[in-house]
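Working notes for the structure below.
The values are calculated or read from the model by the stated rules, or taken from the named source; none is laboratory data. Note that this is a predicted model, so its numbers are computed, not measured. All Cβ positions, glycine included, derive from the backbone under ideal geometry; neighbour counts span all protein chains shown.
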Amino acid sequence: MSAYSKSYNPFDDDAEDESAPPTPWKDARDLDGPGAPVDKQQYLRQEVMRRAEATAASTSRSLSLMYESEKLGVASSEELIRQRGVLERTEKMVDKMDQDLKTSQKHINSIKSVFGGFVNYFKPKPAETPLEQNGTLGPQPNIRLKEALSTSKEQEAQYQASHPNLRKLNDSDSVSGGTSSAVSTEAYPKNPHLRAYHQKIDNNLDELSVGLVRLKGIALGMKTEIEEQDDIIDRLTTKVDNLDVNIKSTDKKVRQL
């Protein structure tokens, strides 16, 4: 059984002092301390500066990642071009082997019979593929990849000058006067520090936009290059299969001599 009656109200014991003034609402930022703001306006100004600084730092990190991705894309594209050169040289070697094999078959037919040698004497010689000479141009990528690489390499000097890791965030000289941004200077705050942050954010976003266009060009160029190299590999596979059949056939003829 409960010690209180059914009509007992536990809140009746909470005496309220109606004469006491209401207690203002407080949160963690209103507490007294060395870092507490003097008034609400000062707190708001500090919060705006803090958010502007964090946004500028975030766009700088994004710009740095974009530059690193572009460098990786250029390196991957150059490796694709080197691989294309290997495939093209391999295809030329297979063509040369096929040419030599046809010449060997011609000589075998000449040995087998006088009539065969007489016929082969009047047959035209197979066209020889000229060997690649030193000093000739290297492998040429597709036009899209070539243009994308050219554009990215033109930005290499600018990358060294404007890389976020090489710039100081609070250095006003590192922020241009808004020339590269489409926003007029009148749209920026009057506070010089906040203006510098806003200009830096806009400049970083402009560089990100241009950089992402370059990255897209590299990606599309690599896609086209891979598709073209797939065609080379398919063509090379067919030639190697045919060469293998011809080698076995020639070997069989040699054993029959």
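Restricting to the range 66-115, name every residue that is in contact (Cβ under 8 Å) with a residue 24 or more places away in the chain, within 24 Å of D230 (Cβ to Cβ) and charged (D, E, K, R).
Answer for the range 66-115, where residues must be in contact (Cβ under 8 Å) with a residue 24 or more places away in the chain, within 24 Å of D230 (Cβ to Cβ) and charged (D, E, K, R): E78, R82, R84, E88, R89, E91, K92, D95, K96, D98.
Quick one: how many residues across the range 197-247 are surrounded by fewer than 19 Cβ atoms within 10 Å (Cβ to Cβ), of a type in the set (D, E) and touching a residue at least 24 places away in the same chain (Cβ under 8 Å)?
Number of matching residues: 2.
Going by what's in this entry, would T90 be described as farther than 30 Å from Q199 by Cβ, surrounded by 11 or more Cβ atoms within 10 Å (Cβ to Cβ), modelled with pLDDT of 75 or more and β-branched (V, I, T)?
Yes.
I need the full set of residues from the range 205-257 which are under 30 Å from S60 (Cα atoms) and among the charged types (D, E, K, R), in order please.
D206, E207, R214, K216, K223
Hey, among the residues in the range 38-86 that are basic (K, R) and under 27 Å from R144 (Cβ atoms), which one's surrounded by the most Cβ atoms within 10 Å (Cβ to Cβ)?
R84
Part of a helix (DSSP H, G or I), modelled with pLDDT of 85 or more and under 27 Å from E156 (Cβ atoms) - does that describe any residue in the range 233-255?
No, the range 233-255 has no match at all.
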